[in-house]
Every structure is written in C-alpha cells, then in structure tokens.
Amino acid sequence: MKKFDGKSFVAGVIVGTLGISTAFAATGIRSAVLSNTGITLRGASLLLERPLVSVVMEGEQTAGLYVPADEVFEKLGYGVSYDGEKNILDLIPGGGSQAVNGGTAQGNVVMDLTNHEDQLNIAESGSFQAESDQILVISVTSDIKGGTVDLFLFDPTGKEQRITIGSSDMTKEIHLEKGTWQYNCSGMFKEGGIVRIVGTIK
C-alpha cells in the first residue's frame with residue numbers, strides 16, 4: 001500500500017470550481033470550494049498544510065466540510081495508508097497512543113512508516129509542520145536482514161539528513177526548525193519481518 005495523498009482529490013475540486021461540472025457527474029457533487037475553516041481538538045488548534053473543502057451534493061442545499069484524511073488522522077496519532085486496488089484507507093495506530101490536546105500522550109505523531117509482512121521493501125514519503133525548538137523523536141523497531149532502509153529528512157531549506165536503519169532497534173532525536181519538513185524512506189532487504197519508523201514531535 002502507498003501513503004494516501006489527498007492532493008488528487010483537491011485537484012479535482014479545483015477543476016470543479018472552474019466550471020467543469022462534468023468532473024463531478026459520477027460522484028453526485030454539485031459544487032466544491034476550498035474552505036478556510038480551522039480545526040481544533042479539545043480547544044487546541046490542528047495546523048494543516050492543506051485546506052478543508054466545502055462540498056454541496058446534488059439535491060442538497062447545505063454544504064458539508066471534507067478534510068484531508070491523511071493529515072487529520074496523523075494529527076490524531078494514526079499512520080495512514082491507501083490501498084488503490086481494494087480502495088481502502090488503512091489507519092495504523094501510532095504506538096497505541098491516545099490523542100490528547102491535538103497530539104498524543106507521548107507527543108504528536110507525524111510519521112508512522114512500516115512495510116507489510118509479505119513485502120521485503122519499503123517506500124514511503126510525506127511531510128509535516130514544525131515549530132522552532134521542537135524535537136522530532138524517531139523510534140525504530142527492526143528485525144530485517146540482508147539489507148538496509150534509508151530515511152532521508154529534508155529541513156525547510158532543503159538540507160538533507162540521512163538515517164540508515166539495519167537489523168536493530170534505535171532512537172534518534174532531531175532538533176527542528178520552523179517550517180515544512182519532508183521525508184523519504186526507502187530500502188530493500190532479503191529477509192526479516194517488520195521495520196517500523198515512528199516520528200513524534202515533542
């Protein structure tokens with residue numbers, strides 16, 4: 001499964017707002033516009049990179065708000081994967097943590113990457129927002145053999161940090177700068193079970 005990306009949905013919404021209504025004919029959407037509505041959890045703001053979308057369905061007068069699922073669920077402590085063949089969104093609990101004040105009891109999970117048991121490779125990418133003086137705690141559990149996995153982190157200026165993961169567990173702390181951080185995780189191995197990488201902002 002690949003990481004779910006809501007950009008394709010947002011792109012469709014933008015097309016619809018330009019007057020190409022046929023793009024929504026099969027889905028029953030009459031109109032859709034980007035919304036500046038914010039989200040809070042127990043009073044704490046959830047900062048999202050992508051906006052919400054206000055959608056009016058055919059036969060309805062009241063608009064409903066649609067959210068970028070990957071961002072919102074990640075803010076609640078879940079990893080999100082999308083299986084295109086089965087058309088299923090898979091939510092992966094972030095270490096069993098419970099959401100508290102917009103994060104988790106241990107912090108805000110912004111990265112939860114893993115391979116599947118029948119796959120001897122991993123290829124995931126994504127991004128997250130950080131504030132100055134925050135710390136990203138990367139916790140790795142791994143029993144892979146005969147290969148490595150590389151996690152590349154790119155700070156808001158594009159500077160790269162590389163973390164190589166082998167067959168042992170590890171924890172690493174990264175001091176963050178304010179802005180958007182990108183990550184790319186890839187690698188292949190010959191045997192082993194699961195490699196899991198969880199990034200939590202504290």
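Please determine, by comparing only the residues of the range 122-154 that are of a type in the set (Asp, Glu) and more than 17 Å from the chain's Cα centre (by Cα), which one is farthest from ASP112 (Cα to Cα).
ASP133
Residues that are surrounded by fewer than 16 Cβ atoms within 10 Å (Cβ to Cβ): list the strands (runs of 3 or more DSSP E) wholly contained in the range 31-75 that include at least 2 such residues.
Because the criterion is at least 2 residues that are surrounded by fewer than 16 Cβ atoms within 10 Å (Cβ to Cβ), the strands (runs of 3 or more DSSP E) in the range 31-75 that meet it are 39-41, 44-46, 64-66.
Of everything in the range 114-147, what is of a type in the set (Asp, Glu), part of a loop (DSSP other than H, G, I, E, B) and within 28 Å of LEU176 (Cβ to Cβ)? Give them in sequence order.
Result: GLU131, ASP133.
Between ASN101, ASN87, ASN115, which is touching a Lys or Arg at 6+ places or on another chain (Cβ under 7 Å) and either open to solvent by less than 60 Å² (accessible area, probe 1.4 Å) or modelled with pLDDT under 90 (or both)?
ASN101
Going by the conditions given, is ILE197 under 16 Å from PHE128 (Cβ atoms), touching a Cys at 6+ places or on another chain (Cβ under 9 Å), assigned to a strand (DSSP E or B) and open to solvent by less than 20 Å² (accessible area, probe 1.4 Å)?
yes
The values are calculated or read from the model by the stated rules, or taken from the named source; none is laboratory data. For clarity, every value in this text was computed on a predicted model and none was experimentally measured. No Cβ is skipped: glycine too gets one built from the backbone with ideal geometry, and neighbour counts run over all protein chains shown. Heads up: the accessible areas ignore ligands, DNA and RNA and are worked out on the full protein's heavy atoms, side chains in. Shrake-Rupley method; radii C 1.70, N 1.55, O 1.52, S 1.80 Å.
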